[in-house]
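The values are calculated or read from the model by the stated rules, or taken from the named source; none is laboratory data. All values derive from a computational prediction rather than experimental measurement. Cβ: placed from backbone, ideal geometry, glycine included. Neighbour counts: every protein chain shown.
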Amino acid sequence: MSETKLGGRFTFPGTSLTVKRIGYGAMQLAGPGVWGPPKDPDGAGAVLREAVAAGVNHIDTSDFYGPRVTNQIIRQALYPYPAGLVIVTKLGARRPPDGSWQSAIAPLDLIAAVYDNLRNLGLDTLDIVNYRAMGAIHGPAEGSIAEQVTVLADLRQKGLIRHIGLSNVTAAQVAEAQAITDVVCVQNNYNLAHRHDDALIDDLARQGIAYVPFFPLGGFTPLQSSTLSAVADRLGAKPMQVALAWLLHRSSNILLIPGTSSVAHLRENLAAGQLTLSPQNLAELDGIAAATVRMQH
């Protein structure tokens, strides 16, 4: 699959890291609820190898997926890693034995998490580490992240991290972090129906900073829209392929990391890079968010 079919290329600012715009998110490689091993560990490894064989060179993961499970599967499937593969991980949470998601943002927690990611991925240095602010239930919450970003900047100075990103943050938190260190990417909840970050995406695009939407297909409640289905029918595509293609069209700094535990579904996601959306298609799809807001009110 050529790079144009994976949405083209993007180089993280101030780095030598260039990735195809359609990558792969590893969260679904863990068991149900992102907890424990998958039912089919061999199948999980096969999905990763298929992604890399198709040209994917951006994999998103975290040691708190599983916990440890996805990183260990990535290492088993792909190590020694192919040249040019960029593995992005994130810190800020932990998973106690009850399977809950707990905040883990004290300096010692973050330092330990970097070493855990290094060990389980079999790396000496992490390409990009996102600090994930826990925020509110429905998205980011304001509040200083200076202490946590400073810890990552120190780890970068020590050579354990190459570059720093942020996740689940506000525009003010991005600016605060940028006063401390260079930020190469921001990973927030964004998709066709959830467009609170439109202004932030445009601001980051002007700076050449990557924006990586998590839940690009709606997450735990997948996108449902008669408009999306109608556009997909006309294009002879699946609705979720159109939703991914819309994100690629939305801004050239958007990178996709759709996750799946199935090779067939992976191929469908990667094929989204080959869809061309007309101005009419885009106008119809742009109306989905406005309709969603009206429904919520």
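Of all residues in segment 96-124, those satisfying the criterion of being in contact with a helix residue (DSSP H, G or I) (Cβ under 8 Å, 6 or more places away or on another chain) and assigned to a loop (DSSP other than H, G, I, E, B) are G99, A104, I105, G122, L123, D124.
For segment 89-123, taking the residues that are charged (D, E, K, R), in contact (Cβ under 8 Å) with a residue 24 or more places away in the chain and within 30 Å of S16 (Cα to Cα), the one that is surrounded by the fewest Cβ atoms within 10 Å (Cβ to Cβ) is identified as D116.
The set of residues in segment 66-86 that are closer than 22 Å to G36 by Cβ and either crowded, with 22+ Cβ neighbours inside 10 Å or not charged (D, E, K, R) (or both) comprises G66, P67, V69, T70, N71, Q72, I73, I74, Q76, A77, L78, Y79. When I288 is tested against (1) surrounded by 20 or more Cβ atoms within 10 Å (Cβ to Cβ); (2) at pLDDT 95 or above, only condition (2) is not met. For segment 50-77, name all the residues that are out of contact with any Lys or Arg (no Cβ under 7 Å at 6 or more places or on another chain), of a type in the set (G, A, S) and not in a helix (DSSP H, G or I). Across segment 50-77, the qualifying residues are A54, G66. Give P37, P80 a once-over and let me know the one that is farther than 22 Å from L270 by Cβ, in a loop (DSSP other than H, G, I, E, B), at pLDDT 95 or above and touching a Gly at 6+ places or on another chain (Cβ under 7 Å). From the options P37, P80, the qualifying one is P37.
Here the condition is being over 26 Å from R132 (Cα atoms) and among the acidic types (D, E); of D198, D233, it holds for D233 alone. Selection over segment 156-179 of residues that are part of a loop (DSSP other than H, G, I, E, B), over 17 Å from the mean Cα position of the chain (by Cα) and surrounded by 15 or more Cβ atoms within 10 Å (Cβ to Cβ) gives a count of 1. All of V19, V47 fail the test of being β-branched (V, I, T), closer than 27 Å to V149 by Cα and either out of contact with any helix residue (DSSP H, G or I) (no Cβ under 8 Å at 6 or more places or on another chain) or in a helix (DSSP H, G or I) (or both), apart from V19.
Return the pairs, sorted by first residue and then second, in which the second residue is acidic (D, E) and not in a loop (DSSP other than H, G, I, E, B), the first residue lies in segment 69-88 and is more than 17 Å from A44 (Cβ to Cβ), the beta carbons are less than 8 Å apart, and the residues are 6+ apart or on different chains. Going by the 8 Å Cβ cut-off, the qualifying pairs are V86/D127; V88/D60; V88/D127.
Restricting attention to segment 1-30 and to residues that are loosely packed, with under 15 Cβ neighbours inside 10 Å and of a type in the set (G, A, S), the residue that is modelled with the lowest pLDDT turns out to be S2.
Pick out, from segment 193-258, the helices (runs of 4 or more DSSP H) lying fully within it that include 2 or more residues that are surrounded by fewer than 16 Cβ atoms within 10 Å (Cβ to Cβ). The helices (runs of 4 or more DSSP H) meeting that bar are 198-207, 226-235. Could you please give the count of residues in segment 259-275 that are assigned to a loop (DSSP other than H, G, I, E, B) and surrounded by fewer than 17 Cβ atoms within 10 Å (Cβ to Cβ)? The number of residues fulfilling the criteria is 1.
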